[in-house]
Amino acid sequence: MQLKDQVAIVTGASSGIGREIALTYARAGAKVAIGDIDMNGANAVVSEIEGEGGQAMAVEMNVTDETAVNAGADAVADRFGRIDIMVSNAGVQIVHPVEDFPYDEFRKVVDIHLGGAFLLTKACIKHMYPNKSGSLIYMGSVHSHEASALKSAYVSAKHGILGLARVMAKEGAKHGVRSNVICPGFVKTPLVEKQIPEQAQSLGIPEDEVVSRIMLGNTVDTEFTTIRDVADVALFLAAFKTNALTGQSITASHGWHMG
């Protein structure tokens, strides 16, 4: 029970990586808030956690709406008394060549990933700072370090998350708050599966080549990272006790990015 009596808020947690992190935290003893715009999915995860004997709540949260983010974080603190762990995981993916990328779609990707991370951080640290403890965890990507064609918005946002996390490592230190980034490789979630036909069409190649060459070609074993892999890293970061590990990015990518 590495997280016994800790309170965590995880955005984008109604499915995929966020759901797996929420379940992992609950099994480690945390009380978990499921933040999402999909309340049916969020409530289903709450029911799953409660069915295993854990404590959880669903929080409707559009991470691009500052009022909604603040209200959600406050509701978690009101219900559970504190916030100890933040996982900024909500995200979308839209791919186009730059010359065809509508600016409103570019802004949407950046606003959800980077703007949402900023707003959630701002809402959570006001509860962490008075307690002199906390763990800020951001969902980056190999694309926080590496670029790929067609992903100007996503790559820009994920690079920005590295910068935000490193600033928070410096600002949060005197308050006992750590800040780190998880940088997965390709994880076979609905978000990634949606990209396969889109990239095949944009690049003019078969879908199996998108997987074998574009997505997994630079790994050491042509394997997808799993949601379990990412959740294990999220648990490690949440449970780590000191500022010895802050301002870092941990890449779980089957060797796609090393460094």
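The values are calculated or read from the model by the stated rules, or taken from the named source; none is laboratory data. Note that the coordinates shown come from a computational prediction; the quantities given were computed from them, not determined experimentally. Please note: Cβ atoms are built from the backbone with ideal geometry, for glycine as well, and neighbour counts cover all protein chains shown.
Criterion first (out of contact with any strand residue (DSSP E or B) (no Cβ under 6 Å at 6 or more places or on another chain), among the aromatic types (F, W, Y) and assigned by TED's automatic domain parsing to the domain that holds A77) does Y138 satisfy it? Don't jump to the end; show me each part of the working.
Numbers: out of contact with any strand residue (DSSP E or B) (no Cβ under 6 Å at 6 or more places or on another chain): no; among the aromatic types (F, W, Y): yes; assigned by TED's automatic domain parsing to the domain that holds A77: yes.
No: the conditions fail for Y138.
Check N180 against each of (1) in a helix (DSSP H, G or I); (2) surrounded by 16 or more Cβ atoms within 10 Å (Cβ to Cβ) and name the one condition it does not meet.
Every listed condition holds for N180 apart from (1).
Which is touching a Phe, Trp or Tyr at 6+ places or on another chain (Cβ under 9 Å), farther than 27 Å from M258 by Cα, of a type outside the set (A, V, I, L, M, F, W, C) and assigned by TED's automatic domain parsing to the domain that holds G163, of K31, K122? Can you show your working first?
Values: K122 fails: touching a Phe, Trp or Tyr at 6+ places or on another chain (Cβ under 9 Å).
Going through K31, K122 in turn, the sole match is K31.
Residues of the stretch 154-177 being charged (D, E, K, R) and surrounded by fewer than 20 Cβ atoms within 10 Å (Cβ to Cβ), which ones?
Initially, the stretch 154-177 is screened for residues charged (D, E, K, R), giving 158, 166, 170-171, 174.
Once the filter is applied, which keeps residues that are charged (D, E, K, R) and surrounded by fewer than 20 Cβ atoms within 10 Å (Cβ to Cβ), the stretch 154-177 yields R166, K170, E171, K174.
Taking the criterion of being charged (D, E, K, R), within 21 Å of Y138 (Cα to Cα) and touching a residue at least 12 places away in the same chain (Cβ under 8 Å), would at least one residue in the stretch 29-36 satisfy it? Can you show your working first?
Step one: list which residues in the stretch 29-36 are charged (D, E, K, R), which gives 31, 36.
Pick out the ones that are also within 21 Å of Y138 (Cα to Cα) and you get 31, 36.
Retained after the next criterion (residues that are touching a residue at least 12 places away in the same chain (Cβ under 8 Å)): 31, 36.
Within the stretch 29-36, one or more residues are charged (D, E, K, R), within 21 Å of Y138 (Cα to Cα) and touching a residue at least 12 places away in the same chain (Cβ under 8 Å).
For the stretch 219-244, which positions are of a type in the set (D, E) and under 17 Å from R27 (Cα atoms)? Working first, answer last.
The first filter runs over the stretch 219-244 and keeps only residues of a type in the set (D, E), leaving 221, 223, 229, 232.
Answer for the stretch 219-244, where residues must be of a type in the set (D, E) and under 17 Å from R27 (Cα atoms): D229, D232.
With respect to K194, is the statement that it is in contact (Cβ under 8 Å) with a residue 24 or more places away in the chain and among the basic types (K, R) true? Working first, answer last.
On the way: in contact (Cβ under 8 Å) with a residue 24 or more places away in the chain: yes; among the basic types (K, R): yes.
Yes; evaluated as a whole, the condition is true for this residue.
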